[in-house]
Structures are given as structure tokens and as C-alpha cells.
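Working notes, beginning with the structure itself.
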């Protein structure tokens, strides 16, 4: 497992940036607002009472906040979407990534994504506190899911074109949803993982992704389907 992980990930440095002190200003960067919001959320355990109060404490004007985000929910969605963006950027920076199989690309993606989550674990765990059913996508994960689905669909389409992923009418349309449910399982598993370096989560990622590809790849399921089809047609 360790060799696969080393091949498929590049360690990220640092986590969510923290707000630094200094003189008050009427302008604010997206990063500064995000960092201040995360700090407040984790220290107070809830969203700020209002955008006005948040901006007053941060020393910026409301218009500066709204120049970047329309609400606190938008800030949360942006942070989660950023996890996907950073993970995919890291993979694309690896010159060997393009030569990976579909299985390796998705496995690499999971490892890179969970590295981003590990670097921001306090925030992620706070957000996932009410996450119970993967089939019900929370507001803060909606844009995150779009990015996730896009990556998965692209990797699976490559797999279907080269024969790594079996082409099955109707069923193959459900593959992206199945992987989203799979990610939901891994998020819940990671949330409860207390192993050193979250090594149990790493093992769960590798074993479950390999199982998924054993199921969607050409093999026993296709043989069973072909045989069932043969029996059905033989009775006509």
C-alpha cells in the first residue's frame, strides 16, 4: 500500500492560512476572509452572527466581503471546492500522471484529496459533524461534488475507452453516483479514524478503490451477465 501511496501523492505543505495581525484596512483578499472565517468557526463553534459584525471585527468594509462572497455559506463552499482544486492541480503537476491507468488516477486523486483534508482536519471534521447520509449532499459540498464528479467521470471514460472499465448499458450511468457514495463512506471512516497518520484510512482508500475497479472492470460480472443472457435467449 505504501508504495502505491508514494507514487500517487505529493505531500502538501501547510494547511488553511491563519489571519495575521496588523492595521485595519478597508480591503480584503479572498484568502484573508477565508482564514478569518475558519478561525471564527473553529473558536466559536458557529457562523458569525452577521456579515456586518464579522467585517467589523476583521477591520474591513462589508462591500469588501461581498466583493468576494455572497454569504458565509458561499465561503464554506469555496473552501471545500478548493480542496478538489488543489488535489487535481497537484496531480496534473506530476508529468507521469497522464500515463496512469484509470484505477491509478482515481486512487491518486483520493490520496491527494485526503491529504488536503488532513491539512485542514479541524475545519473538515467540524463541517462533517452533521454529515450522516452521503446520498443527501449538504449545501457546502454541492460545488465540491461537481468537481469530484467531473474528475471521476473523466477517469472512468478513459477506462471505458481502453477497456479497463466494462461498458454496461444503464449500469455505467450510475458509476459516478456510486463513487460519490463511496467517497461519503470514506469521509465518515476518516472522521472516526484515530490511527497514527490516519493509516487505517489510507488502507481503506486503497482496498475499496481496488474493489470498486474489480467490480466495474471486465470480468466475472460480465461473464455472468453474458451467461444469463445466453440462457434467456436459449429459452426463446
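What's the Kirkwood radius of region 30-70 in Å, using all Cα pairs? For region 30-70, inverting the mean 1/r across all distinct Cα pairs yields 10.2 Å. In whole percents, the pair-distance distribution calculated for region 62-200 from its alpha-carbon pairs, binned every 10 Å from zero, is 10, 38, 34, 15, 3, 0. Each 10 Å bin, from zero up to the one with the longest distance, holds this percent of the alpha carbon pairs of region 99-164: 18, 41, 29, 10, 0. Of 216, 205, the sequence from fewest to most neighbouring Cβ atoms within 10 angstrom is 216, 205.
Readers should treat all values here as calculations from the given coordinates under stated rules, not as data from a laboratory. Computed from a prediction, not measured in an experiment: that's the story for all the values here. Virtual Cβ from ideal backbone geometry, glycine too; neighbours counted across all protein chains shown.
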